[in-house]
Amino acid sequence: SSASLPQQLESGGATSSSATGLSSRPGFSGLVGATKLVELQCLSKATGCRILGKAEFLSPGGCQKDRVARQIIDEAEAAGLLRPGATIVEGTSGSTGISLCLAAAARGYKVHVVMPDDQASEKVQLLERFGATVQLVRPASISSPEHFVNVARRHAEELNSQSDQGGAALFADQFENPANFNAHYKGTGPELWEQCDGHLDAFVMSAGTGGTLAGVGRFLKERAPDTKIYLADVQGSALYNKVARGVLYAPEQEERSIRRHRTDTIAEGIGNDRLTANFALGLQDHNGGLPGIDAAERVSDQEALQMA
């Protein structure tokens, strides 16, 4: 895509005091967002397009999940769902848990993370170092009570049932909570649009919860209907066929080949077998005909490795 970067975003957007000469941001929340765009020069040269990457790894938690964690807590506080010292519970493959730890610590909340035991051990170590209680469970289908998301939901319900006042625990529910979509529709999308000075041909990314793709996609399509929104889907995920053919299906789900505990890709935290509320917000068949995802491409592990 073709883009030019406004001067004010190149400077980083920090506030400054003329009296002290210091620039600063207000804690964790102030460090989230306003990430740089980086031109991927080898790909730009190879394709004849200007291809830019959004450097979300510069966010405190290392990815765009910081935006989601902040938005979930903001909306929960506004709704009166969190009391001081409450526990935020989430089922996550790791990244959202790390972001929740940082956002929660800044506001005095505890974090309980439930995650599959097949994720990178480094994620578990980071979560524990950031103060989370980590509960590992065996991978299971979302229809099973033992799926990590269902275990997390149940734990939050148990904590609230033990409290007389309520607000003892919040199930963050990143897959279904519209705060995920809102974080990107209200934040990441407008940020990209400004950074590209209103000239953006296409936005491409993978999806797990679908909040980033749907939220950014909606905003960009509202500003420029010709902007194309593409899903890059990992092998084993059913989202590609949902976008391309309207059917939530992957070849790995064939009855003769399906396994009880599937491991179809080396990628962590992306791809899905089910349609989440956040991903559905990016599909016209499910969001009332509003603009969203245009098309999808399937990306194999080998292709991902070669590109990396």
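The values are calculated or read from the model by the stated rules, or taken from the named source; none is laboratory data. Being a predicted model, the structure only gives us computed values, none of them experimental. Here the Cβ positions follow ideal geometry from the backbone for every residue, glycine too, while neighbour counts run over all protein chains shown. The accessibility values were calculated without ligands, DNA or RNA, using every heavy atom of the protein model including side chains. Shrake-Rupley method; radii C 1.70, N 1.55, O 1.52, S 1.80 Å.
Enumerate the helices (runs of 4 or more DSSP H) found wholly within region 32-126, keeping only those where 3 or more residues are surrounded by fewer than 15 Cβ atoms within 10 Å (Cβ to Cβ) and free of Cβ contacts under 8 Å to residues at least 40 places away in the same chain.
41-47
What number goes with the only condition from (1) out of contact with any His (no Cβ under 9 Å at 6 or more places or on another chain); (2) under 27 Å from residue 267 (Cβ atoms) that residue 164 does not pass?
With respect to (1) out of contact with any His (no Cβ under 9 Å at 6 or more places or on another chain); (2) under 27 Å from residue 267 (Cβ atoms), residue 164 is out only on (2).
Give just the number: which of (1) at pLDDT 95 or above; (2) open to solvent by 30 Å² or more (accessible area, probe 1.4 Å) does residue 251 not satisfy?
Unmet for residue 251, out of (1) at pLDDT 95 or above; (2) open to solvent by 30 Å² or more (accessible area, probe 1.4 Å): (1).
Here's a check for you: in region 156-196, which residue that is of a type in the set (S, T, N, Q) and farther than 21 Å from residue 286 by Cα is surrounded by the fewest Cβ atoms within 10 Å (Cβ to Cβ)?
Filtering region 156-196 for residues that are of a type in the set (S, T, N, Q) and farther than 21 Å from residue 286 by Cα, the one surrounded by the fewest Cβ atoms within 10 Å (Cβ to Cβ) comes out as 165.
Report, by residue number, each residue of region 198-214 that is in a helix (DSSP H, G or I), among the small types (Gly, Ala, Ser) and closer than 23 Å to residue 40 by Cβ.
Residues satisfying the conditions do not exist here.
Can you report the number of residues in region 255-267 which are modelled with pLDDT of 80 or more and either open to solvent by 50 Å² or more (accessible area, probe 1.4 Å) or not in a loop (DSSP other than H, G, I, E, B) (or both)?
Residues flagged as modelled with pLDDT of 80 or more and either open to solvent by 50 Å² or more (accessible area, probe 1.4 Å) or not in a loop (DSSP other than H, G, I, E, B) (or both) within region 255-267 amount to 1.
Is there a residue being out of contact with any Leu (no Cβ under 6 Å at 6 or more places or on another chain) and among the β-branched types (Val, Ile, Thr) anywhere in region 49-65?
no
I'd like to know if region 137-155 contains one or more residues that are open to solvent by 30 Å² or more (accessible area, probe 1.4 Å), of a type in the set (Val, Ile, Thr) and part of a loop (DSSP other than H, G, I, E, B).
Scanning region 137-155 turns up at least one residue that is open to solvent by 30 Å² or more (accessible area, probe 1.4 Å), of a type in the set (Val, Ile, Thr) and part of a loop (DSSP other than H, G, I, E, B).
Could you identify the single residue in 68, 38, 32 that is within 12 Å of the chain's Cα centre (by Cα) and either over 24 Å from residue 211 (Cβ atoms) or of a type in the set (Val, Ile, Thr) (or both)? So that I can check it myself, show each step before the final result.
Values: 38 fails: within 12 Å of the chain's Cα centre (by Cα); 32 fails: within 12 Å of the chain's Cα centre (by Cα).
Answer to the check: 68.
Taking residue 189 and the conditions (1) within 26 Å of residue 265 (Cα to Cα); (2) part of a helix (DSSP H, G or I), which numbered condition does it fall short on, given that it satisfies the others?
With respect to (1) within 26 Å of residue 265 (Cα to Cα); (2) part of a helix (DSSP H, G or I), residue 189 is out only on (1).
Specify which of the listed residues (164, 173) is part of a loop (DSSP other than H, G, I, E, B), acidic (Asp, Glu) and touching a residue at least 60 places away in the same chain (Cβ under 8 Å).
Just a single option satisfies the conditions, and that option is 173.
Has region 183-192 got any residue that is in contact with a Pro (Cβ under 9 Å, 6 or more places away or on another chain) and farther than 27 Å from residue 108 by Cα? Show your work before the answer.
Here is the first cut: in region 183-192, the ones in contact with a Pro (Cβ under 9 Å, 6 or more places away or on another chain) are none.
No, region 183-192 has no match at all.
Go through (1) open to solvent by 30 Å² or more (accessible area, probe 1.4 Å); (2) within 25 Å of residue 95 (Cβ to Cβ) one by one and return the number of the condition residue 211 breaks.
Only one criterion is unmet by residue 211, namely (1).
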